[in-house]
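A.B. asks: What follows is a structure written as structure tokens; I'll ask about it next.
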Amino acid sequence: MNIDNYMKERVDEQISWYEEKAAEAQKYYRVLKTAEIVLAVLIPLMAGYATHRFIAFLIGLFGAAIVIIEVISRLNKYHENWMQYRLTGETLRYQKNLFLTGSGPYSTGAETMENVFVKNVEGILTADSSALGDIKTIKKEVPASSAIEEKTSASAEPAEDEAEEE
């Protein structure tokens with residue numbers, strides 16, 4: 001297999017596959033999150049009318065639906081997959097462009113101005129795409145530290161209250 005066939009049959013197909021899967025995961029993620037938000041907003045709105053049995057039933061049903069939506073979203077990892085597929089597709093495109101222009105690690109000699117330009121532009125685009133991965137990492141780290149801070153502040157509060165009572 002020559003390089004043109006490889007580009008067409010392997011690299012281009014993989015880029016398309018990752019773009020398609022990223023778009024699909026994004027669609028599911030956004031639909032589920034939108035439904036979750038709408039249901040969460042409706043619960044307090046309906047709470048004022050909870051004296052009716054049907055409304056009280058709907059409030060409970062909406063609460064259960066929110067939990068189900070969140071579990072499905074986490075189980076299928078739509079957000080994580082969207083970010084990972086997007087990042088992988090962009091990385092493949094970056095390598096393909098460097099190769100096609102003979103830039104970066106694919107340079108066969110001294111780089112021309114065009115090669116340096118391509119490498120710099122691709123570096124900027126990759127930095128933008130890699131921010132997706134950074135967002136995912138930060139998002140995972142924040143709840144853990146917040147939980148620790150909450151536990152620490154929760155355990156510290158009673159001690160302060162006890163000091164005030166004395």
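A.B. asks: Being of a type in the set (K, R), surrounded by 12 or more Cβ atoms within 10 Å (Cβ to Cβ), in contact with a Ser or Thr (Cβ under 9 Å, 6 or more places away or on another chain) and closer than 21 Å to T126 by Cβ is the requirement here; does R10 meet it?
C.D. replies: no
A.B. asks: When you go through (1) over 24 Å from V121 (Cα atoms); (2) without any contact (Cβ under 8 Å) to a residue 24 or more places away in the chain; (3) surrounded by 15 or more Cβ atoms within 10 Å (Cβ to Cβ) one by one for I69, which number turns out not to apply?
C.D. replies: Unmet for I69, out of (1) over 24 Å from V121 (Cα atoms); (2) without any contact (Cβ under 8 Å) to a residue 24 or more places away in the chain; (3) surrounded by 15 or more Cβ atoms within 10 Å (Cβ to Cβ): (2).
A.B. asks: While we're looking at this one, here's another question. Assess whether T34 counts as being in a helix (DSSP H, G or I), free of Cβ contacts under 8 Å to residues at least 40 places away in the same chain and surrounded by 14 or more Cβ atoms within 10 Å (Cβ to Cβ).
C.D. replies: In short, no.
A.B. asks: Look at the range 91-122 and say how many of its residues are assigned to a loop (DSSP other than H, G, I, E, B) and of a type in the set (A, V, I, L, M).
C.D. replies: Residues that pass the stated criteria total 1.
No lab work stands behind these numbers, since they all come straight from the coordinates. Treat the numbers as computed from the prediction; the structure is a model and nothing was measured. As a convention, Cβ positions derive from the backbone with ideal geometry for all residues, glycine included, and neighbour counts pool all protein chains shown.
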